[in-house]
Amino acid sequence: MSHETKKMANPGPLGLLGFGMTTVLLNLHNAGFLPLSIVIVAMGIALGGLAQIIAGIRELCQGNTFAGTAFTAYGLFWWSLVLIWTNPFAEAGIENGSKVAIAWYLLLWGVFTLFMFIGTLKHNRATQVVFGSLTVLFMLLALGDFTGVHAITTVAGYVGIFCGLSAIYSAMGQILNAEYGKRVLPLG
């Protein structure tokens, strides 16, 4: 009887792409380049939400608590954000989120992300850049909603575009480096 070891695929790039592509798209809106539309909502549900949740569960099954927690939590962030935007419970008397309530929501995600960033200090530089810029993004978005100063949200949009692009870079680095068996894109 053969005891072949089945190679497990790395779910990280899928999660990073789900996070990165959706983050870029949303922050093109925050920076003022795109209106909030079904394009962003659909991406949030499918790639930002579902793809990250799948990647997160796969990471947890492989024993990777950090990546599993990150991808699953941020995937559920996207689903909760879409629910906040669309409020399918309005007919049941559930109010839309106020700017202050959304600011607290974003601040809590910022605190979570700050702790995750601390965890990245044991990871490569690419991962540190993703989580460091994401921490700044959440804090700026919260500050923009707390103060009502739209310029802060616009700046956050640029930070978010950078953050999302850094996640896409990290995903492509992992894919290409594994595919070619050498460092094609440095991850630090």
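FYI, it's all coordinate maths here, none of it is from the lab. Owing to the predicted nature of the structure, the values given are computational and were not obtained by experimental measurement. Note that each Cβ is placed from the backbone with ideal geometry, even for glycine, and that neighbours are counted across all protein chains shown.
Taking segment 20-42 as the range and being within 11 Å of the chain's Cα centre (by Cα) and more than 18 Å from Leu176 (Cβ to Cβ) as the test, the residues that pass are Thr22, Thr23, Val24, Leu26.
For segment 75-128, a residue qualifies if it is of a type in the set (Lys, Arg) and free of Cβ contacts under 8 Å to residues at least 40 places away in the same chain, and exactly one does: Lys122.
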